[in-house]
Structure formats: C-alpha cells, structure tokens
Amino acid sequence: MRKRLRIGLAILVAALAAGFGWQLLHQKEPSYQGRYLSDWLEGVWYLDGGVDPEAEKAVRQIGTNAIPYLLKLATTKDSALKTKVTAILPEKWFVSYATRSTHNHFSAAFGFDALGSAAKSAVPTLIGLLDDKDDDIRQTAARSLGSIGPEAQNAIPGLIRHLSDPNQDVCVCSVEALNNIPPKSVEEVPALLQVLNSPPKELFIAIRVIDRLGEFQSQAKAAVPAILPYLHNQDISTRDCAAKALKQIDPDAAAKAGIQ
C-alpha cells in the first residue's frame, strides 16, 4: 500500500514539475489571439517555401517581440546522435524523421521573412551566426538576413565570404540574400573579385558575383580580366551576364571583346 502511495506521489510530482516547466518555457514567449508564437509556427516548415497567411499575419502582429524567440529557434542544435542518424537516412525519410533543429530553423527563417525590415535589430546577431560551425545555422542566418533586406547591409562582407562556403546550401542562401541587399560600398569589389578568381564551384555563384560587380561600373575595372573568360562560357545566360557587366564596367574593354 505504502509502495503504491509513493509511486502515486512520484507521478504527481513529476506531472506538476512538467506543468511548471511548460509554463516557465512559455511565460516569456509572445502570443497572438491566445496562441503562442511557437504554435503559429508549428506547421510552417512543411510548406517548403510556401506561405501560411495566418501564421505570417500572427508574426507581424507580434512584431519585434518575436525577435528573441526567432533567434533562439535559429540557434537550435540537435544532439550528436540525432545528427548522425539523420545523416544516414534516405532523403525520402527525412520529412518523417526531421529533427527539432530542422523544424526550428525553418520556423525562424519563416518568421524573419514575415517581419522583413522590422527585424533589423537582429542583424548583428545573425551576422555572428554566419560563422557558426553548424551548416544549418549558417544557412538560416543567411536566409534571414536576405529577408531583412537593405537594413542588413552590414552583413554584406560576411555573405560575400560565404559564397565560398563548403556547404552548397549556405552558398545558395548567401547568393539569394545578396540579391535582396543593394551594394553598400566599393570595398566589396576586392572580396567579390577574390570569389571570382577562386573560381566558384557553382556557375550560378559566378553569375551573381559578375552581376554585382557590374553594379559598381567603372569602380570595378580591376575585375575585367576575371570576367573576360566568362564571355566564352557554354552557358548563354553566363555569357550574357558577363557581356552586360563588361559594358557597365569598361565600355572600351567590352568593345575590344566584340560586345555590341
């Protein structure tokens, strides 16, 4: 009898502790229309780039109060065991065995996309996350900075650096982020030129770098020798991009190369 009583008390204490833990976890989490932010974001990662209008509206209504929580989601890391298990799973099983960190990273990126420029106060922290050891965290940081847009101009040097990231997804997100952030300073040119001279493993990265160099016009003349070989690339869009950039940067060099 006493043993049953002790077991019952233990279960009761555990339940109370779990309830208290749940309340403690949510007490600082913002909410909208009676639902916590985490509830609004729960299913967005299944959208695969799609839009949940209601969740988007909820994030915007919560506003900048959502930023600390979104940053917390962006920095989630799984245990070493979970990471190893996910790495060996077939891709078709990934959705059914997605880790908590994957879910949270998608949610964070969705949240920053909904907030846009209103999340500018998160830029310094996101810039720091670009250098995290975790590939997914770097990817999430780059995506989020691109969503913030022109207000994230201080992130340009870090994003350019990650055009050469060993993880292809980080490269892609860095390119897309730079598409949304206008050039800030001619100081970008040497960094962009360094990427082009590497050369990039992926052609789409070279195209984006050449296109961005063209925006600096005559201030990017040092890049002309690195751009010229792309005029003879097998890909027509690459050739067109190189021709356009050369005309912007150095019309005389473009004419000598036979560009009309």
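At a glance:
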{"quantity": "Single unsatisfied condition, E56 versus (1) at pLDDT 90 or above; (2) not assigned by TED's automatic domain parsing to the domain that holds H103", "calculated": "(2)"}
{"quantity": "Segment 198-224 - residue that is in a loop (DSSP other than H, G, I, E, B) and at pLDDT 90 or above and, of those, nearest to I236 (Cα to Cα)", "calculated": "E215"}
{"quantity": "Selection status of P229, within 19 Å of S198 (Cβ to Cβ) and surrounded by fewer than 16 Cβ atoms within 10 Å (Cβ to Cβ)", "calculated": "yes"}
{"quantity": "Yes/no for V195 being assigned to a helix (DSSP H, G or I) and not assigned by TED's automatic domain parsing to the domain that holds I227", "calculated": "no"}
{"quantity": "In segment 205-260, the residues that are touching a Phe, Trp or Tyr at 6+ places or on another chain (Cβ under 8 Å) and among the β-branched types (V, I, T)", "calculated": "I210, T238, I249"}
{"quantity": "Test result for G146, modelled with pLDDT of 95 or more, in the same structural domain as C171 (by TED's automatic domain parsing), on the phi > 0 side of the Ramachandran plot and within 14 Å of the chain's Cα centre (by Cα)", "calculated": "no"}
{"quantity": "Selection count, segment 208-255, where residues are in contact with an Asp or Glu (Cβ under 6 Å, 6 or more places away or on another chain) and among the β-branched types (V, I, T)", "calculated": "1"}
{"quantity": "Filter pass, A245 being of a type in the set (A, V, I, L, M), in a helix (DSSP H, G or I) and over 21 Å from P124 (Cβ atoms)", "calculated": "yes"}
{"quantity": "Residue tally, condition more than 19 Å from the chain's Cα centre (by Cα) and surrounded by fewer than 18 Cβ atoms within 10 Å (Cβ to Cβ), over segment 194-210", "calculated": "6"}
{"quantity": "Qualifying residues in segment 106-164 (those that are assigned to a helix (DSSP H, G or I) and among the charged types (D, E, K, R)) - the one nearest to N65 (Cα to Cα)", "calculated": "K120"}
{"quantity": "Residues of segment 61-108 classified as over 15 Å from D135 (Cα atoms), at pLDDT 90 or above and of a type in the set (V, I, T), total", "calculated": "3"}
{"quantity": "Cβ pairs under 6 Å, 6+ apart, first in segment 18-45 and closer than 20 Å to R100 by Cβ, second part of a helix (DSSP H, G or I) and modelled with pLDDT under 50", "calculated": "Y36/H26"}
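The values are calculated or read from the model by the stated rules, or taken from the named source; none is laboratory data. Note that the structure is a prediction, hence the values are computed from the model and not measured. All Cβ positions, even for glycine, are placed from backbone atoms using ideal geometry, and neighbour counts span all protein chains on display.
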